[in-house]
Every structure is written in structure tokens, then in C-alpha cells.
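The values are calculated or read from the model by the stated rules, or taken from the named source; none is laboratory data. Everything quoted here is computed from the prediction, not taken from an experiment. When the accessible area is computed, the model is the full protein with side chains, heavy atoms only, and any ligands, DNA or RNA have been set aside. Shrake-Rupley method; radii C 1.70, N 1.55, O 1.52, S 1.80 Å.
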Amino acid sequence: SFWNKNCHNSECEFHLLCLKHFVVKYSLPKLNVVDRHVLYPVIKDLELCDQFDEENIDVIISDFTHLTDFVFKTQHTNMDDMKPVETITLLDIIIVLSKSEGKRSILQKNKSLMINTLYLLRMIHELGKLGKEENLKPISKLSELANLKDNQQLEDDPIFGLKVKLIQLIVNLVWEQTENQNLVGEHSGFQLLLDCSQVDARNPFITQWVVMSVKALCQGNPENQAILAGLRREGVADSALWKELGIQLDPNDDKIKVASSK
């Protein structure tokens with residue numbers, strides 16, 4: 001982290017220790033929302049997520065869903081509605097939490113987190129496709145990447161890798177969790193994820209994460225497997241992606257076989 005890399009003298013180490021003590025001692029629910037958002041980058045940089053109990057995790061979820069509720073506006077949304085730095089900082093923290101089995105179960109219980117994550121991905125993806133936000137447009141050609149790097153450093157963009165992060169969180173939220181698997185299936189999540197599978201320099205390894213998400217959604221879930229079978233018959237996505245997904249469709253009974261996630 002920034003703090004661990006740049007604190008090399010005793011005075012700085014003392015300040016670092018004080019910061020850690022403050023974050024751990026004073027639980028997030030006792031702080032107002034402004035102070036929490038000041039602390040979140042520190043929590044992220046100091047990797048303090050493992051210190052949090054369910055009460056603190058619920059506050060983090062609440063702050064994230066509050067920031068992302070704008071995706072449900074009736075009017076057309078755009079990046080001006082989003083606070084990228086605050087939102088992505090919280091997203092990074094939640095992703096770290098979701099990698100812990102015990103903490104993941106707390107996150108999975110919150111359906112607003114599941115829905116907001118899915119719809120934020122949908123909004124980001126649609127804005128990129130429409131070309132209305134230059135830094136969201138997929139970069140799938142080397143020539144496009146070369147031209148862009150003449151003008152700016154791609155990875156310095158605060159929303160670099162945002163779609164991949166959202167898909168990664170979706171994978172963790174639906175992992176062995178039938179209700180969340182069904183929520184994604186019911187909200188046309190398969191169509192969205194498959195449409196995100198295009199190689200994109202702004203989102204490294206996005207195709208691989210789409211593969212993982214589809215497998216996680218279908219694991220032990222016949223309803224979602226049936227949805228995927230229908231999309232396969234309709235020709236959604238190209239044959240190369242279906243092959244990478246490990247999906248086979250039996251022409252005799254329309255049953256689908258999905259390779260298990262590992």
C-alpha cells in the first residue's frame with residue numbers, strides 16, 4: 001500500500017500505528033458519512049478490512065449502495081452522476097471483503113448490493129457502447145491503444161478496470177448462493193455479461209472474468225442453465241466464447257452442459 005511503501009522512519013511508523021488504531025477502535029457506525037469517506041482510502045491502503053465485523057461491513061455496504069442508487073434514476077444517467085473516486089474506493093474494499101468466506105456471506109445477504117452492482121455494470125457498459133463517455137469506450141484494437149497512449153496514461157484513469165471489478169464482485173456475490181444467482185438471471189444478467197466479453201484494454205482479462213461469472217451463475221442452478229441454453233440457441237455471443245465457457249448444447253433435448261468452475 002502507499003502507507004507501507006512510504007513509511008520508513010520511526011515518526012512515520014508511529015503515525016501509521018495511530019491511524020491503524022483509530023480505524024480499528026472507532027467503529028464506522030459511530031462516524032458521520034463525511035468522516036467515513038475520509039477514512040475509506042486509509043482503510044483500503046492499510047488493508048484493514050479483516051478487522052471489520054458485520055456491523056461495520058453493513059455500513060460499508062450502505063455507503064456503497066447510497067452512492068450507486070443513481071443508476072435507478074428515470075432520467076438518463078451519465079458519469080456526472082457518479083463519484084468515481086469514492087465509489088471505486090468502496091468497491092475495492094468490498095471486493096477484498098468478498099474474498100473472505102465469512103465476510104462474503106454477510107455481503108451475499110444484502111440484495112441491494114447485488115442489484116446495484118449489476119445495474120452499475122449495465123450503466124457503465126451501455127455508456128461505453130453509446131460512445132458518450134470517451135474513457136468508457138472499449139479499446140479492442142492495438143491501433144486504438146497506441147493512439148490513446150500518445151495522449152494519456154491509460155492506467156492512470158480512476159475508472160480503469162471498473163467493469164472487471166464489478167464482474168469480479170458479481171462472481172463472489174453469486175458464489176454458491178442460489179438467491180443471488182437467480183437475481184442476476186431474472187434481471188437479464190447473462191445477456192449483459194456475455195455482451196461485456198469483448199477484449200478491452202481498459203478492462204484487462206474481462207473475457208476470462210465473464211467466463212468465470214457465467215460458470216458461477218450456472219453452478220448448481222438448473223434455472224440459470226436453462227436461461228443460458230436459450231441464449232445459446234438464439235446465437236447470443238460467438239462460438240469461440242461458448243467454447244471458452246465450456247458450454248455444450250444437446251440438440252436432442254435442449255439440455256445444456258456447463259464445465260464446472262475451478
Original post:
Residue separation times 0.36 nm, minus the C-alpha to C-alpha distance between LYS99 and HIS66: what's the value?
Top reply: 9.6 nm
**OP:** Multiply the residue gap between CYS18 and LYS109 by 0.36 nm, knock off their C-alpha separation, and tell me the result in nm, one decimal place.
**Re:** 29.4 nm
Original post:
Hey, got the Cα dimensions of segment 78-229 along the principal axes, in Å, largest first?
Top reply: 47, 34, 24
**OP:** Keeping all protein chains in position, work out how much accessible area SER27 exposes to a 1.4 Å probe, and write it in Å² to the nearest 10.
**Re:** 20
**OP:** At 0.36 nm per residue, minus the direct Cα-Cα distance, what do GLU47 and ASP156 gain on full extension? Give it in nm, one decimal, please.
**Re:** 37.1 nm
Subject >> Kirkwood Rh, Cα atoms: Rg over Rh of segment 29-101 >> reply: 0.99
**OP:** Pairs to check: LYS215/LYS243; LYS73/LYS141; LYS109/LYS243; LYS132/LYS163; LYS44/LYS215; LYS73/LYS103. Give those whose C-alpha atoms are more than 24 Å from each other in this structure.
**Re:** LYS73/LYS141; LYS109/LYS243; LYS44/LYS215; LYS73/LYS103
**OP:** Please work out the C-alpha center-to-center distance from segment 91-133 to segment 155-224 and express it in whole Å.
**Re:** 9
